[in-house]
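Here the structure is laid out as structure tokens; the discussion comes afterwards.
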Amino acid sequence: MTKNYDFDVLVIGAGPGGYHAAIRAAQLGLKVACADREAVGGVCLNVGCIPTKALLHAGEQMAAARHASEFGLTFGEQKLDVAKLNGWKDSIVKKLTGGVSGLFKANKVTYLVGQASFVDDHTVRVGEQTYTAANVIIATGSEPARIPGLEVDQQSIVDSTGALTVPDPVPARMLCVGGGVISFEFSHIYNNLGAKVKIIEFLPTIIPGADADAVKEFGKSMKKQGIEFETQAKANSAVKKADGVHVEIENVKTGEKRTEVFDRVLVAVGRRPRTDGLNVEAAGVARTDRGFVPADEQQRTNVPHIFAIGDVASNPMLAHKAMKEGLVAAEVIAGKPAAQDAVAIPGVVYTSPELAWVGLTEQEARDKGYDVRTGVFPLSASGRAMTLQQTDGFVKMVVDHDTDLLLGVHIVAAHASDMLGEASLALEMGATATDIALTIHAHPTLGETILEAAESVHKQAIHIVNR
């Protein structure tokens, strides 16, 4: 690298994509700095993936305790210590962010605190200091999108960040605006903690982009647990009054309007790329109309020595996508033959059961011209699922009829996210349904349901009647 610069690589953003990029670049012998205006770990570790999973676990333990009497285990009256719950969640965040800070030090990554702003294509101001770098990686992530008429105050009207602090008492009535992943995860948390939860979604379906059969199965399970949801509905306004938040809800098909009252409203209508204050124009970096900083398969922007990764670069806005792209950018800068060429990027809704998928939906495969064959195996036929009291859901496999090539896997099940790794690897390796069916899976496990779904493709599953 040219020695006239302060750093070989300056990463803007210390979230999952940014810290992966910084550490990998340092591992490859480059002089690296990583800048962030907030704590290391970004949205994911601080106010996203990690704290939500902590609250999901706590809520699921409460739900499990309520059903334990079904197999003879009886507890006393449930009591929720909200302060202790919030403190425990925060302690996990502190431990993980501290771990990333330790990794920076161990890899000799210089951490810079402050708002980063481009001065030119090789110069970045961080706080009051200015630094130069041969290469810059933009990894600033995303932030919650807003809706006119629903002003977030992080008390009675919250976004995903505010919803992470559970109030005492837990709200009796809660509305979640948006029917995507974030909304359902928080709905699941608060439902299990005792709230009566309702979701409204503007589009005709919940979890847009997921397989239609999987969404239907997932929705049935959510309703069974008491979560109400309404599609083709929107929130026009929210007014705080003495008895709660009065929300005007409109049916987008009929135009009919009504007002309902809630104790807390979550605005979860997606996220938008975060570039405020970054001044990318000074570096000549292009942005789309929606605010994304587009990049090619090597994560290069239109300025070849400036890279963009993660949420700020493109959809889907997922931490694991950002991690992979961070590694690619670092390796490209170091002269390695790297590229983001994943066959598919997995998605997960971390409820119970979870909804997880990778690859093409059945409809997407048909739209692409495949002669589709599917195999479905229900969790109700799994002995392991029965022992876990988790029999809702199924595994659905989408396969090309002519070649037997695996095209997509869609799972509604407990621990679906853990099961998805096999499906992701199979897609990357170009596996067939027969390859999976010939692979011996441990018994009894939830993972066997993937094997049986593969056998079901050819009407050879053992534990169901093949029709």
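Just a few scattered comments:
- Selected residue [modelled with pLDDT of 95 or more and part of a loop (DSSP other than H, G, I, E, B)] from T439, T434, T449: T439
- Of all the residues in the stretch 146-179, those that are part of a loop (DSSP other than H, G, I, E, B) and open to solvent by less than 20 Å² (accessible area, probe 1.4 Å) number 6.
- Identification of strands (runs of 3 or more DSSP E) wholly contained in the stretch 345-413 with 1 or more residues that are open to solvent by less than 50 Å² (accessible area, probe 1.4 Å), small (G, A, S) and touching a residue at least 60 places away in the same chain (Cβ under 8 Å) yields 347-349, 354-359, 372-378, 406-413.
- Verdict on L80 being outside any helix (DSSP H, G or I) and open to solvent by less than 50 Å² (accessible area, probe 1.4 Å): no
- So I227, is it of a type in the set (A, V, I, L, M, F, W, C), on the phi < 0 side of the Ramachandran plot and touching a Cys at 6+ places or on another chain (Cβ under 7 Å): no
- Filter result (open to solvent by 10 Å² or more (accessible area, probe 1.4 Å) and in contact with a Lys or Arg (Cβ under 8 Å, 6 or more places away or on another chain)) within the stretch 183-197: K196
- So E354, is it out of contact with any Asp or Glu (no Cβ under 8 Å at 6 or more places or on another chain), charged (D, E, K, R), at pLDDT 95 or above and more than 26 Å from K53 (Cα to Cα): no
- All positions within the stretch 452-467 that are over 19 Å from L388 (Cα atoms), in contact with a Gly (Cβ under 9 Å, 6 or more places away or on another chain), part of a loop (DSSP other than H, G, I, E, B) and in contact (Cβ under 8 Å) with a residue 60 or more places away in the chain: H458, A461
- Residue match in the stretch 265-278 (condition: touching a residue at least 12 places away in the same chain (Cβ under 8 Å), closer than 30 Å to P304 by Cβ and exposed (fewer than 15 other Cβ atoms within 10 Å of the Cβ)): yes
Table: residues versus (1) surrounded by fewer than 19 Cβ atoms within 10 Å (Cβ to Cβ); (2) not in a helix (DSSP H, G or I).
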residue: A282; (1), (2): yes, no
residue: R287; (1), (2): yes, yes
residue: P294; (1), (2): yes, yes
residue: E331; (1), (2): no, no
residue: K336; (1), (2): yes, yes
residue: V343; (1), (2): yes, yes
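- When the stretch 282-312 is filtered for residues that are of a type in the set (A, V, I, L, M, F, W, C) and without any contact (Cβ under 8 Å) to a residue 60 or more places away in the chain, the ones remaining, listed by number, are A286, F292, A295.
- Scope the stretch 113-139; condition assigned to a loop (DSSP other than H, G, I, E, B), open to solvent by less than 20 Å² (accessible area, probe 1.4 Å) and either acidic (D, E) or in contact with a helix residue (DSSP H, G or I) (Cβ under 7 Å, 6 or more places away or on another chain) (or both); matching residues: A139
- In the stretch 54-63, the condition of being acidic (D, E), closer than 21 Å to S117 by Cβ and at pLDDT 95 or above is met by no residue.
The values are calculated or read from the model by the stated rules, or taken from the named source; none is laboratory data. Bear in mind the structure is a predicted one, so any value in this text is a computation, not a measurement. When we count neighbours, we look across all protein chains shown, and the Cβ atoms used for this are built from the backbone with ideal geometry, even at glycine. When the accessible area is computed, the model is the full protein with side chains, heavy atoms only, and any ligands, DNA or RNA have been set aside. Shrake-Rupley method; radii C 1.70, N 1.55, O 1.52, S 1.80 Å.
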